[in-house]
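What follows is a single structure, written as structure tokens, with notes after it.
The values are calculated or read from the model by the stated rules, or taken from the named source; none is laboratory data. On a predicted model such as this, the values are computed, not experimentally measured, just so you know. Every residue, glycine as well, gets a Cβ built from its backbone with ideal geometry; the counts of neighbours run over all protein chains shown.
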Amino acid sequence: MNYSTIILLCLTYVVAECAIGRERRASESTTEVVGLALQKGTTAEDVQTLKKEGKGGKARGKRQLGGFNFGGPLGSISVGTNGAQLSLGAGTRQSSKPTQTQQNFLKISFDFDLASKLKEAVSSNPILSKTVVVNEKGVTCEELCPEATNGFATIGICTSKYCTCGSDTVEKQNCESTNDVFDILELKCAKPADTILCSDDE
């Protein structure tokens, strides 16, 4: 093997590793523009208030949210009235149907204007005004955890992404099932319909 072949192989390897690294960083980046820095003393009543505003409380008026799509470097997700579809490359997988409330919060999680209106709508609640954190560039565990007083935060609302916030460590976690959400009262992963915030129960 001559030197030019070796150099060509090395360059090919380096370029491939860089591309994989970029894809990995992009897939780990956060695009949700709102998160919840969970607070000690949060009550079911606080959660119901957040749910009411997320469903279209007085700040926005009632809205019927249709299907929506968002994509990333590894695939895309579409949420509509027939459930969620996750597309990874050539394959598409149908997951369980999200609740209407979860669909509303997913829309808010990726829309800065809606997220800002939600924050404004809950600003008079002493717990929720500290809980709802908005960042147009995307929320991160590093940003949410200093605001969380009970050791947990969520990336997005009614999603499977959450943060464990220790005094020395901050770690991003995902529920084992992508169909689950992080329950902000029970502080564990659960089916959306089994939570106060993400269920369609009044």
* To do: Please work out if Lys137 is at pLDDT 90 or above, assigned to a loop (DSSP other than H, G, I, E, B), out of contact with any Ser or Thr (no Cβ under 7 Å at 6 or more places or on another chain) and among the basic types (Lys, Arg).
  => yes
* Condition test on Glu143, is it closer than 19 Å to Leu128 by Cα and assigned by TED's automatic domain parsing to the domain that holds Leu50? -> yes
* Which residues, counting only those in segment 114-142, are over 17 Å from Gly56 (Cβ atoms) and charged (D, E, K, R)? -> Lys130, Glu136, Lys137, Glu142
* Structure fact -> Matching residues in segment 156-183 (touching a residue at least 40 places away in the same chain (Cβ under 8 Å) and over 13 Å from the mean Cα position of the chain (by Cα)) number 0
* Residue among Cys163, Cys158 that is crowded, with 18+ Cβ neighbours inside 10 Å and assigned to a strand (DSSP E or B) -> Cys163
* To do: Answer yes or no as to whether Cys189 is in a strand (DSSP E or B) and within 22 Å of Thr43 (Cα to Cα).
  => yes
